[in-house]
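As C-alpha cells, the structure follows; a few thoughts come after it.
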Amino acid sequence: MGKIYKHHLFWPLSVLAALLLFNLFYSPDFFSITMHDGHLYGSLIDILNFGAPLILVAIGMTLVVATKGIDLSVGSIVAISGAIACLTISKGADQNVMGLILTSVLIAVGLSLFLGAWNGLLVSVGGIQPIIATLILMVAGRGIAQLVTGGQIITVTSAKYAYLGSGSLATLPFSIFVVAAVLVIALLLTRKTALGLFIESVGCNPSASLMSGIRANGVILSVYVFCGLCAGIAGLLLSSNVSSADGNNAGLWYELDAILAVVIGGTSLNGGRFYLTGTVIGALIIQTLTTTIYMIGVPPEITLVVKAFVVLAVCLIQSDSFWAVFASRWKTRHYPGEKEGIHHVS
Amino acid sequence: MSAQEPILQMTKIHKRFPGVKALCDVDLRLYPGEVHALMGENGAGKSTLIKVLTGVYSIDEGKVEMEGISISINSPLESQAAGISTVYQEVNLCPNLTVAENIFIGREPRRFGRILWKEMNRRAAEILSERLNVQIDVTEPLRMYSVAVQQLVAIARALDISAKVLILDEPTSSLDQNEVQQLFRIMRKLKQDGLAILFVTHFLDQMYEISDRVTILRNGEFVGEYMAKDLSRLDLVLKMIGKELSLLEDLPSLAEDYKDSFGEVMVKAENLSRKGAIEPFDLSIRKGEVVGLAGLLGSGRTEAARLFFGADKPDSGKLIFPGGSEGVHTPREAIKRRIAFCSENRKTEGIIGDLTVRENIILALQAKQGVFRTLSRKQQDEVAVEYIRMLNINPPNPDHLIKNLSGGNQQKVLLARWLLTAPQLFILDEPTRGIDIGAKAEIQKLVLSLSRQGMSFLFISSELEEVLRVSDRIVVLRDHCKVKEISDKDMNQQNIMQAIAGG
C-alpha cells in the first residue's frame with residue numbers, strides 16, 4: 001500500500017467520490033435516473049450534459065498549460081463561436097435545413113481554429129507571454145462577440161441545431177458523445193503519437209527541446225489551435241443548449257473554471273506532465289459542486305463562497321508544502337527531498 | 001593544528017531518499033583558517049552533504065555543531081544565520097537583475113524603507129574591485145556577463161554576507177586559468193582572515209594547490225579525512241574511486257595509432273563568423289577525426305561550435321557538406337545532417353528535468369522521426385535499457401526522473417540521446433565538466449572508440465590534458481579568433497599554451 005495515494009488520480013477521484021457521497025445523504029433524489037420519451041433524466045445526467053462545455057474547454061486548456069502556457073481567451077471564443085453560429089442560422093430562411101446547420105457549425109469551428117492560431121502565433125512567433133497574449137483576445141473577443149450579435153441576444157428556432165446541445169442519442173445527451181469523441185482524439189494524439197512527449201518536453205524545458213530538434217513553435221502553435229477548437233465546440237454546445245447566443249455572458253469566467261479543472265486534475269501550471277483524465281475529473285468535480293450547491297438549497301448569494309471553500313480544500317490537499325507543514329508537526333523527521341517526483345511515481 | 005578546535009563539526013550524518021542512501025555515517029570537520037577540500041566521484045554524496053549544510057535538506061540522523069554548540073539547520077535562512085554562505089556549482093542568481101541587486105538582494109541598504117541605489121551600486125563595485133579585482137559596471141543586468149563573471153558575483157555576494165564558513169561548490173569548473181588563480185588568491189586571503197572554506201572540486205591539481213585538509217566520500221560513505229600534503233595523488237584517486245586507475249593510463253596512446261586512416265571531409269566551414277562571438281574561420285573535419293578546440297574560457301570555443309549546429313546564426317560564411325550541399329540554419333537541420341551537439345549548459349539546453357531517463361534518451365531520435373512515426377513503448381524500453389547498460393548509467397532505471405540523477409549520469413543520458421540518432425559529427429562542449437574522474441575516463445574512451453568506428457568529433461574542453469588525450473588535431477582559439485591548428489608531433493601542452501597565450 002502507500003502507492004495508491006501517490007497516483008495522480010487519487011485525490012481528484014476521492015474528492016469526486018466525497019461529493020457524490022455527500023449527495024447520497026443530503027439529497028437522495030440525486031442518484032435517481034428516470035426515463036421519459038426515450039431520454040434519461042436525473043442530476044447525474046445533468047452534470048454530464050451541463051458539464052460538457054467546461055470539460056471540452058478544460059481538455060484544450062490542459063495541453064496549453066502543459067506547454068507552460070495559459071489561455072485566458074477561451075471564454076471569449078466560446079461566446080464568439082456560439083454567436084457566429086446562431087447569427088448564420090438566424091439569417092437562414094428555413095432554420096432547419098441541414099446544409100445551413102452544417103455551414104454555421106463549420107464557420108464557427110473555422111473561426112475558433114483561426115482564433116486559436118492567433119493566440120498560438122502571438123505566443124510562439126511573437127514571443128509574447130501567454131497570459132498577456134491571450135488576455136488580448138479575452139478582452140477583444142467579448143467585443144467581437146457583441147459585434148456579431150449586435151449587442152442583442154440572438155435566438156434561433158432550429159430544432160436541428162438544438163439537438164447538438166440538448167438532443168439525445170441512445171437515451172444519453174448528445175453532448176456527452178461530443179465530449180467523449182474529443183477526449184478520445186486528444187488521448188490518441190498525445191499518447192499514441194509522440195505529440196504528448198513533445199508537449200511535455202517543451203513545457204518543461206523549451207530551449208533544450210529546441211536543441212533536441214523539436215519544433216517548439218510548432219508544438220506551441222498546435223496546442224493553442226486545439227484549445228481554440230475545443231472552446232469553439234463548447235460554444236456550439238452551449239448556444240445550442242439554450243438556442244440562443246449571448247455575446248455578453250456566454251462562457252463568462254470559463255477560463256477560470258477550466259484552469260481550475262486542469263490544476264485539480266494534477267497538471268502543474270509550471271508545465272511538463274499533463275493528465276487529460278485528471279482534467280476531466282476536475283471539471284466533473286466543479287460541475288458536481290455547482291449542481292450540489294443548487295440541490296441542497298444554498299442561498300444564491302453565498303454559492304460562490306461555498307464553491308470557493310471546496311476548491312480551496314481540494315487544492316490544499318494536493319499541495320505537498322501543505323502536507324509538509326503537518327508532517328513536520330507530527331513527526332520529528334521529514335523528508336523534503338521526497339517532494340521531488342512524488343507525482344510521477346507509478 | 002590539533003590544539004585548534006573545528007568551527008564546524010558534523011558527526012555521523014545520515015540522509016536517506018526513497019530507495020537511496022545518500023549519506024551514511026559521514027563526518028566533516030572544518031577548521032578556521034583552513035581550506036578544506038571535499039572530494040569524491042559523482043553520486044558520492046558531496047552535493048547532498050552541502051545541501052544538508054545549507055539547509056536545503058534536513059538530516060535523518062547525526063549532529064551538527066557550530067563553534068561547539070549543537071545546531072539544527074532546517075532552512076537556507078537558518079544556515080545563513082549560523083554563518084554559512086554558499087556559492088553553488090550552477091550559478092543561481094537572477095539574470096535579469098543588475099549585478100549590484102544580485103549582490104544585495106534581500107539586504108539592500110535602506111533609509112526609511114527606501115533603497116539607497118547609489119549607495120548599493122557604490123558598495124557593489126567596491127566589493128567586486130577590492131576583494132575580487134573585477135572592474136565591471138554593476139548597474140548592468142547580470143545576464144550581460146559571462147558565466148565566469150556571474151560566478152564571481154555569486155562569490156562576492158557570499159563574501160558580503162558575514163560568513164564564518166564559506167562553501168564553494170565546484171567554483172572553478174567554469175573559470176579559466178587566470179580566473180582560477182584570482183579565486184585562489186582570494187581564498188588565501190580569506191583563509192588568513194580566519195574563514196573556514198569548504199572547497200568542492202574535481203580538479204586534483206587545484207585541490208593540492210589550495211587545500212590544507214581533504215575529506216573523501218564514496219557512494220555516500222565517509223572514506224576519511226586527510227592532510228592534503230600527506231596524501232599522494234595515487235592514494236587520493238584510489239580512495240575516491242576504489243579501483244585501479246589503469247583506465248586513464250592507457251588512454252594517450254589510443255589517439256596516436258590512428259593518424260593516417262581518416263576518410264573524406266565530413267563538413268567544412270568556410271569563412272564562418274558571428275559578430276561578437278567568433279571572427280571568420282575555416283575548419284574542416286574529416287571522417288573519424290577528433291578535432292579538439294582549445295582556448296581560454298570566452299575565447300570563442302563554444303560560439304564556434306554552436307555555428308556548426310545551427311544553434312546560432314552565422315553573420316558570414318557557410319558550412320559545406322560532401323556533395324556540395326550547404327548550410328545549417330536550425331538544430332533541426334543539423335540533426336537531419338546527422339550532427340549532434342551536447343551543450344555545455346546541461347541544465348538549460350540539455351536535460352528535460354521532469355521527464356524520465358527513457359524519455360530523455362529517445363527525445364532527439366523521436367524529434368527526428370516526427371510526431372507520427374512514434375517509437376513504441378517496447379522499442380523505447382529496449383533502447384533505454386541498452387544505453388543505460390552501455391554507458392553504465394546509475395541508477396539503471398529507465399523510469400527514474402533525470403533531474404534526480406547526478407551530473408555525470410545526466411551527461412551520460414544526454415550522450416545516449418545523441419548516440420541514438422547515429423550522428424556522423426558529434427560536437428561535445430565540455431562533456432566532462434563537473435563530473436568525476438571515473439565518468440570522465442569512460443566518456444574519453446567512448447569518444448576514442450567511436451571515432452575509430454568512423455564518427456567525427458568536435459571536442460571542447462577547458463582541460464588541456466583531456467583535449468590532448470582525445471584529439472587528433474587541435475584548433476586553438478584566442479580572443480574570438482582561430483589562431484593555430486596543431487597536429488601530430490607538435491601536439492603538446494607547451495605548444496598549445498604558447499598558442500593560447502599568443503606570441
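For region B:268-363, give me every one of the helices (runs of 4 or more DSSP H) that falls completely inside it and has 1 or more residues that are within 11 Å of another protein chain (Cβ to nearest Cβ) and open to solvent by 60 Å² or more (accessible area, probe 1.4 Å). Explain how you work it out, then say what you get.
On the way: elements: B:301-309, B:331-336, B:346-349.
So the answer is B:331-336, B:346-349.
Only one residue in B:VAL153, B:VAL147, B:VAL180 is surrounded by fewer than 19 Cβ atoms within 10 Å (Cβ to Cβ) and either within 22 Å of the chain's Cα centre (by Cα) or assigned by TED's automatic domain parsing to the domain that holds B:CYS94 (or both). Which one?
Sole residue among the options that is surrounded by fewer than 19 Cβ atoms within 10 Å (Cβ to Cβ) and either within 22 Å of the chain's Cα centre (by Cα) or assigned by TED's automatic domain parsing to the domain that holds B:CYS94 (or both): B:VAL147.
Using the structure shown, decide if B:VAL180 is touching a residue at least 24 places away in the same chain (Cβ under 8 Å), within 13 Å of B:GLU34 (Cβ to Cβ) and of a type outside the set (Phe, Trp, Tyr).
Numbers: touching a residue at least 24 places away in the same chain (Cβ under 8 Å): yes; within 13 Å of B:GLU34 (Cβ to Cβ): no; of a type outside the set (Phe, Trp, Tyr): yes.
It is false that B:VAL180 is touching a residue at least 24 places away in the same chain (Cβ under 8 Å), within 13 Å of B:GLU34 (Cβ to Cβ) and of a type outside the set (Phe, Trp, Tyr).
At least 2 residues that are over 23 Å from the mean Cα position of the chain (by Cα) in each: list the helices (runs of 4 or more DSSP H) lying fully within region B:408-503 that qualify. So that I can check it myself, show each step before the final result.
Working: elements: B:437-452, B:464-470, B:493-501.
Those helices (runs of 4 or more DSSP H) span B:437-452, B:493-501.
Taking the condition open to solvent by 10 Å² or more (accessible area, probe 1.4 Å) and either facing another protein chain (nearest Cβ under 8 Å) or among the aliphatic types (A, V, I, L, M) (or both), does B:VAL385 pass?
yes
Can you run down the residue pairs with Cβ atoms below 7 Å, 6 or more apart or on separate chains, where the first is in region A:4-27 and more than 15 Å from A:ILE293 (Cβ to Cβ) and the partner is open to solvent by 70 Å² or more (accessible area, probe 1.4 Å)?
Within 7 Å, the pairs are A:LYS6/A:SER346; A:HIS7/A:SER346; A:HIS8/A:HIS343; A:PHE10/A:ILE4; A:LEU24/A:PHE31.
So which residues in region A:113-159 are buried (at least 17 other Cβ atoms within 10 Å of the Cβ) and not in a helix (DSSP H, G or I), if there are any at all?
A:ILE154, A:VAL156, A:SER158
Tell me, which residue of region B:364-378 that is without any contact (Cβ under 8 Å) to a residue 12 or more places away in the chain and more than 7 Å from chain A (Cβ to nearest Cβ) is least open to solvent (accessible area, probe 1.4 Å)? Steps first, answer last, please.
Step one: of region B:364-378, the residues without any contact (Cβ under 8 Å) to a residue 12 or more places away in the chain are B:366, B:369-374, B:376-378.
Checking which are more than 7 Å from chain A (Cβ to nearest Cβ) leaves us with B:369-370, B:373, B:376-378.
Values: B:GLN369: 54, B:GLY370: 18, B:ARG373: 156, B:SER376: 52, B:ARG377: 121, B:LYS378: 147 Å².
Residue satisfying both the conditions and the ranking: B:GLY370.
From A:HIS344, A:HIS334, grab the single residue that is farther than 26 Å from A:GLY141 by Cβ, in contact with a strand residue (DSSP E or B) (Cβ under 8 Å, 6 or more places away or on another chain), open to solvent by 40 Å² or more (accessible area, probe 1.4 Å) and modelled with pLDDT under 80.
Going through A:HIS344, A:HIS334 in turn, just one is farther than 26 Å from A:GLY141 by Cβ, in contact with a strand residue (DSSP E or B) (Cβ under 8 Å, 6 or more places away or on another chain), open to solvent by 40 Å² or more (accessible area, probe 1.4 Å) and modelled with pLDDT under 80: A:HIS344.
Which condition number does B:LEU477 fail, the rest of (1) modelled with pLDDT under 90; (2) crowded, with 24+ Cβ neighbours inside 10 Å; (3) farther than 28 Å from B:PRO171 by Cα being met?
That leaves (3) as the condition not met.
Residues that are without any contact (Cβ under 8 Å) to a residue 24 or more places away in the chain and not small (Gly, Ala, Ser): list the strands (runs of 3 or more DSSP E) wholly contained in region B:1-113 that include at least 2 such residues. Spell out how you get there, then give the answer.
Numbers: elements: B:8-17, B:20-30, B:35-39, B:61-66, B:69-71, B:84-87.
So the answer is B:69-71.
So how many residues does region A:277-302 have that are open to solvent by less than 20 Å² (accessible area, probe 1.4 Å) and more than 15 Å from A:TRP11 (Cα to Cα)?
Qualifying residue count, region A:277-302: 4.
Out of all the residues in region A:169-204, which are buried (at least 19 other Cβ atoms within 10 Å of the Cβ), of a type in the set (Gly, Ala, Ser) and over 30 Å from B:THR356 (Cα atoms)?
Residue satisfying the conditions is A:SER175 alone.
Among the residues of region A:222-252, write down those that are open to solvent by 40 Å² or more (accessible area, probe 1.4 Å) and away from every other protein chain (no Cβ under 13 Å). Break it down stepwise before answering.
As a first pass, look at region A:222-252 and keep what is open to solvent by 40 Å² or more (accessible area, probe 1.4 Å): A:222, A:229, A:238, A:241-242, A:248-249, A:252.
Within region A:222-252, A:LEU229, A:LEU238, A:ASN241, A:VAL242, A:ASN248, A:ASN249, A:LEU252 qualify.
Could you please find all residues in region A:307-320 being at pLDDT 80 or above and more than 19 Å from the chain's Cα centre (by Cα)?
Narrowing region A:307-320 to residues at pLDDT 80 or above: A:308-309, A:312-313, A:316.
Those that are at pLDDT 80 or above and more than 19 Å from the chain's Cα centre (by Cα): A:PHE309, A:ALA313, A:LEU316.
The values are calculated or read from the model by the stated rules, or taken from the named source; none is laboratory data. Because the structure is predicted, anything quoted here is derived from the model rather than measured. A quick note on method: Cβ atoms are made from the backbone with ideal geometry, for glycine too, and the neighbour counts reach across all protein chains shown. Surface accessibility is based on the protein's heavy atoms, side chains included, excluding ligands, DNA and RNA. Shrake-Rupley method; radii C 1.70, N 1.55, O 1.52, S 1.80 Å.
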